1. Considering only residues that are in a helix (DSSP H, G or I) and not aliphatic (A, V, I, L, M), look in region 44-60 and name the one that is surrounded by the most Cβ atoms within 10 Å (Cβ to Cβ).
2. All but one of (1) small (Gly, Ala, Ser); (2) part of a loop (DSSP other than H, G, I, E, B); (3) crowded, with 18+ Cβ neighbours inside 10 Å hold for Ser176, so report the exception by its number.
3. Out of curiosity, is Phe40 touching a residue at least 60 places away in the same chain (Cβ under 8 Å) and surrounded by 13 or more Cβ atoms within 10 Å (Cβ to Cβ)?
4. Report whether or not Ser129 is modelled with pLDDT under 95, surrounded by 15 or more Cβ atoms within 10 Å (Cβ to Cβ) and touching a Ser or Thr at 6+ places or on another chain (Cβ under 7 Å).
5. Name the residue, out of Asp71, Asp46, that is among the acidic types (Asp, Glu) and over 17 Å from Val86 (Cβ atoms).
6. Just give me the residues in region 45-95 being free of Cβ contacts under 8 Å to residues at least 12 places away in the same chain and polar (S, T, N, Q), in sequence order.
7. Among the residues of region 178-193, how many are over 16 Å from the mean Cα position of the chain (by Cα) and under 19 Å from Phe73 (Cα atoms)?
8. What residue, of Val86, Val109, is under 16 Å from the mean Cα position of the chain (by Cα) and buried (at least 17 other Cβ atoms within 10 Å of the Cβ)?
Amino acid sequence: MIKLKDKSLYSIPNLLSAYRILTFPAVLYFAFTGKEQIYFILLLIDLITDILDGFIARKFNLQTEFGARLDAFADIGMYILAFSGVVIFKAKELEPYLFSLVIFFTVFVIPKIISWIKFRRFPSLHLFSSKIGGYLQGFFFLYLFIFGFSPVFYYVMIICGILSFMEQIIIVLIVSDMKSNMKGLYWILNDNK
């Protein structure tokens, strides 16, 4: 059960995460109606608010369990939006790389499924590897929509993402209690010594 304090519910990071959740249907609508420019601008705003909510939460000591879960839920939505946009607008460019893209999204979904089955909640781990992978994925997305496809950038993003998702899978399998904002597998294993 999440305990909320008034200040934690209405903090700027939580409002930014809520914004991303609330804009999800609109961004998805513009993707499915083929309005690439509006879709891109709205998703770019979502990417910026995702960066801002984490920065503000850490900088001003506003990190909460509720905020971490809200942010993780908003992140899942952003992955769905990004994947939808890539499939709708950039499918031709990514067609030769479809197999690796399917592996990427399969490995992305696995820790969520395991966590839901094991803990009845989605993970909100916020690992260092997830942050690095998320920045790479965001930059790849921007590069793809602004300049076009780069195979080297694509493979760097895919490999880092898959490694991060595999770390999440291992953590979700070995921990007995799902906590938010874990640093990574190294720190979890050292804490258990």
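1. Only one residue fits best here, namely Asp53.
2. (3)
3. Considered against the rule, which asks whether it is touching a residue at least 60 places away in the same chain (Cβ under 8 Å) and surrounded by 13 or more Cβ atoms within 10 Å (Cβ to Cβ), Phe40 comes out as yes.
4. Taking the combined requirement at face value, the residue does not satisfy it.
5. Asp71
6. Of everything in region 45-95, just one residue is free of Cβ contacts under 8 Å to residues at least 12 places away in the same chain and polar (S, T, N, Q), namely Asn61.
7. Result for region 178-193: 2.
8. Residue meeting the stated conditions: Val86.
The values are calculated or read from the model by the stated rules, or taken from the named source; none is laboratory data. Just so it is clear, the structure is predicted and the values come from calculations on it, not from any experiment. Cβ atoms come from the backbone with ideal geometry, glycine included; neighbour counts cover every protein chain shown.
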